[in-house]
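The values are calculated or read from the model by the stated rules, or taken from the named source; none is laboratory data. None of these values were measured; they are calculated from a predicted model. Ligands, DNA and RNA are stripped out before the accessible areas are found, and what is left, the full protein with its side chains, is counted by its heavy atoms. Shrake-Rupley method; radii C 1.70, N 1.55, O 1.52, S 1.80 Å.
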Amino acid sequence: MSLPEELLYSEEHEWIKKEGDQVRIGITDFAQAELGDIVFVELPEVGDELEADEPFGSVESVKTVSELYAPLSGKVVEVNEELEDNPEYVNESPYENAWMVVLEPADDSEFDDLLSAEQYAAVIDED
């Protein structure tokens, strides 16, 4: 299982990559492996406001439907349209091709609630 050190993580299994004043968000390798083969991804619209720890979309696999939880509050500035036609990217490339949204964070203090790769590894070891 891959856990890139340069990313931040949420306890809800999202990864967060800082890119200047914005963040790119997706689900972790652990999450996609637990879900199995992804067949559909539902994402918000550009311009939507997300609230930290609130659902912002869902991922449907052959086994289940799982909600996506926003790791940070902010405004959606980009959505990965590729996932509409290629949901399998989530399984094949969770950290590269399968990013889900780019967000302009509303509150920098929320970064304090995110986990390092080492902290996230400890969380998933408990599961």
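A few remarks follow.
- Value of [θ]222 nm, deg cm²/dmol, for the chain, DSSP H segments ≥ 4, -39500 (n - 2.57) each, nearest 500: -4500 deg cm²/dmol
- Element breakdown for the chain at a 1.4 angstrom probe: carbon and sulfur atoms account for 38% of the accessible area.
- Most to least accessible of PHE111, PHE40 (protein chains only, probe 1.4 Å): PHE40, PHE111
- Beta bridges per DSSP with both ends in the chain, % antiparallel, nearest 5: 100 percent
- Gyration tensor (alpha-carbon) shape descriptor, the stretch 49-103, a/c threshold 1.5: oblate
- A 1.4 Å probe run over the stretch 68-114, with the rest of the protein chains in place, finds 47 Å² accessible per residue.
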